[in-house]
1. Given the criterion touching a residue at least 40 places away in the same chain (Cβ under 8 Å) and on the phi > 0 side of the Ramachandran plot, identify the matching residue among L501, L496.
2. Spot the failing condition for L599; the list is (1) loosely packed, with under 15 Cβ neighbours inside 10 Å; (2) assigned to a loop (DSSP other than H, G, I, E, B); (3) touching a Pro at 6+ places or on another chain (Cβ under 7 Å), and only one is missed.
3. Run down L560, L546 and say which single residue is surrounded by 16 or more Cβ atoms within 10 Å (Cβ to Cβ) and at pLDDT below 85.
4. Among the residues of the range 40-51, are any closer than 30 Å to H212 by Cβ and modelled with pLDDT under 85?
5. For the range 468-505, enumerate the residues that are of a type in the set (A, V, I, L, M), in contact with a strand residue (DSSP E or B) (Cβ under 7 Å, 6 or more places away or on another chain) and in a helix (DSSP H, G or I).
6. Among the residues that make up the range 515-534, is at least one of them at pLDDT below 85, in a loop (DSSP other than H, G, I, E, B) and over 26 Å from K352 (Cβ atoms)?
Amino acid sequence: MLQKLAPYLLFYNISLKYRLLLYFLFLVILPTSIISVTIYNESNRTIKENITTTLQKNLATAEMILLKRIEEMEAIANSIYLNPDMIELLSADRPLDQVGIVNELANLNKIMGSYDLPTDLTRQFTPRLYMLDRPEYVQYNFSRYVSTIGDIEREAWYFDLPPKERYSIIALDRGTTEGDGDYMLMLAKRLFGLRNAAIPYVGLLTVESDIHEFTNILTQMKPSVNSTIVILDKQANVIVSTDKPALNAAGFDAEPYVSLLSSRRLGLAGSEETTLQGEAALMTYRSIDSLGWTVLSVSPLNDLNGKLVSLRKVMYLVLAVCMALAFLIALLLSGNITNPIRKFIKMMSYAKSGNFDIQIQYKRKDEFTYLFSQYNSMLQKIKELIDELYVSEVRKKVAELKALQAQINPHFLYNTLDSINWIALRHKVPEISHMVTSLSDFFRYSLSKGRDIIPIEDELRQVESYLSIQQIRFKERLTYSIEVEPEIYGHYAVKLTLQPLVENSLVHGIEKKRGVGVIAVKARVVNDWIHIEIIDNGPGANADELNAMLQSDGGHSFGLNNVNQRIRQVFGEGSGLQFRSNEGEGIAVIVKFPCRTTLEGLDQHA
């Protein structure tokens, strides 16, 4: 579950500036991308529809031109067949002598030659007549239009002629008959003796047409340079191709076009994308029902999509520019929003460290102006409240201390203790004398004439008096030592800071320990700082928890926090208490404050 939520958690963990940047980019790029993709797809569809429509129109035009050519060829064939002289000759009996054969050949040649119009460049049709049972024509072959049926009866196309159709359209290479290598269209029509029922089949009439003109027309219809338009017959033979006019020439491969049509043809006319020789292409086809032929156009998509490619490049360029501008604008807007927030956070860090005198300067007139003005007012109010509270607390402590001191008459106390001391000496009780003397010294250092900042040696003597009294109480269960470096003397310390710590070691350490308890007080100077360690060999405690309690200014040990706060109040940051665990047993507390030999600049009401 956490792994699935990790991307979302990562997003919400980034800074507000970059989150706003991503939001702005998303809001700009998403609609732009959707609009661009929609326009591109719609343009792609429209362009393809237009290309398909244009190709279908071209194929329809090619079909119309081809059918018109065939109609003209059929008209010539019908005109020849229905010529009265031709009907008479075809219906007559076969001549029996050579003169009759020659006359028949001459008359037929004259009729056929009248329909050959070589000067009409737009109608290059050549009629030919192949007579049945006229082997003599071979001997008297002076005609270019008339010959015997034996010249073609072995051709494959002759065997494939349907017996009952009006005519048949054949596409073949003229090189198979005359050797000139030109490809042509040929209309073949069986002839019968219309006036002589005894002669059912007389010969075969053909009308030939050069294919070059039609090929040139198809070439002009190509939608692109690399496009190909082919016409296939019923047997899937390529009749016309814009690639090579001579389709039977070596190297021309018609198989891909034949396979393409036979595997993909879906109806009389259509268009679809396919692959030809490993290249994406658009195939458009149209069937010529009257002939059983098919006009097929194959165009590489790279050629047809030229405008689409240009549109795609422009779209990519526009998207790149929009993204760059969106990034710059989003960066500017996110910075415009987050810069005041970062400035606000920086000012709050100053306030957190205790500096309430820095005000936020903001020149713009927007919602942040009101926020910062209210924050400045709040800081000023907090500063005033802190000052009032500080003064109130100081006055309260001074009043409490003075009230305590007022309750104790030093002279009365000292005289009473002195009397007890003399009585103890008179009755030879040195323990009472020692305890009373130590107690007298303890009170003398505690009062210190009402001062809060005292010489460090007085503070150490008070600790020594306190330990001396406690040793009488604990007897052999307590031993103590006080080690003081000479450099310590002459400096000032906060009154009543060491005795509470020693008392804490006694209560929580020595009293809970079996056997002899040891308290060691060590005072030394480290880099212009006073370090006083109070070490005990009691059961110990968790030093980290004690230090955390001091940092949080809370916890159950009000005395320790009070000592720590009073030291920090007088000597500032870096001073105070710090606990650490001993290597063996027990715990140590370190009192740390800077070396000060004068009272100048110190708060003497701690």
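The values are calculated or read from the model by the stated rules, or taken from the named source; none is laboratory data. Since the structure is predicted, the reported quantities are computational estimates derived from the model, not experimental observations. Glycine gets a Cβ as well: all are built from the backbone with ideal geometry, and neighbour counts include every protein chain shown.
1. One residue alone meets the criteria, L496.
2. Failed condition: (3).
3. On the way: L546 fails: at pLDDT below 85.
Only one candidate qualifies: L560.
4. Here is the first cut: in the range 40-51, the ones closer than 30 Å to H212 by Cβ are 51.
When the remaining residues are screened for being modelled with pLDDT under 85, the result is 51.
Yes, the range 40-51 has at least one match.
5. Taking the range 468-505 first, the residues of a type in the set (A, V, I, L, M) are 469, 472, 478, 482, 484, 488, 493-494, 496, 498, 501-502.
Of the ones still in play, those that are also in contact with a strand residue (DSSP E or B) (Cβ under 7 Å, 6 or more places away or on another chain) are 478, 482, 484, 488, 493-494, 498, 501-502.
Passing the criteria: I488, L498, L501, V502.
6. If we filter the range 515-534 for residues that are at pLDDT below 85, which is where we start, we get 515.
In the following step, the residues that additionally are in a loop (DSSP other than H, G, I, E, B) were identified as 515.
Pick out the ones that are also over 26 Å from K352 (Cβ atoms) and you get 515.
Checked against the condition, which is being at pLDDT below 85, in a loop (DSSP other than H, G, I, E, B) and over 26 Å from K352 (Cβ atoms), the range 515-534 yields at least one hit.
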